[in-house]
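Right, one structure below, let's go through it.
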Amino acid sequence: RQMCIRDRQELRASMPGIVVDVHVAVGDEVVEGQTLVVLEAMKMQNPLQAEGPGKVTSIKVKAGEAVAAGALLAEIE
């Protein structure tokens, strides 16, 4: 679901689905466990959360967008 590369986190889709909501914006400070993106897959809403604290440096998706498994959704440093 997520990959940590040095001090950077990459939030990736764990399965194909539709982005229901993006709860953060570029520049936001986040804490561990904070929901960043909600992904709907198989008629279930799955909140994707930060694995650690950091600052959102990019958001690659918007609500309503279909994503493939492994797609990069957001980056945090």
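The values are calculated or read from the model by the stated rules, or taken from the named source; none is laboratory data. These numbers come from a predicted model, not from an experiment. All Cβ positions, glycine included, derive from the backbone under ideal geometry; neighbour counts span all protein chains shown. Calculation scope for accessible area: heavy atoms of the full protein, side chains included, ligands and nucleic acids excluded. Shrake-Rupley method; radii C 1.70, N 1.55, O 1.52, S 1.80 Å.
Which value, in debye to the nearest 20, describes the size of the charge dipole of the chain about its Cα centre when Lys and Arg Cβ atoms bear +1, Asp and Glu Cβ atoms bear -1, and nothing else is charged?
On the way: 8 positive and 11 negative charges, 50 e Å.
The calculation lands at about 240 debye.
Got a number for carbon plus sulfur as a percent of the chain's accessible area, 1.4 Å probe?
52 percent
Find how much the distance from Gln34 to Ala63 grows on full extension, using 0.36 nm per residue of separation minus their present alpha carbon separation; answer in nm with one decimal. Could you put the intermediate results ahead of the total?
Working: separation 29, 0.36 × 29 = 10.44 nm, distance 1.78 nm.
Gain on extension, Gln34 to Ala63, equals 8.7 nm.
Among Ile18, Gly33, Leu48, which residue has its Cα positioned farthest towards the positive end of the charge dipole of the chain, with +1 placed on the Cβ of Lys and Arg, -1 on the Cβ of Asp and Glu, and the dipole taken about the Cα centre?
Farthest along the dipole direction, towards plus: Ile18.
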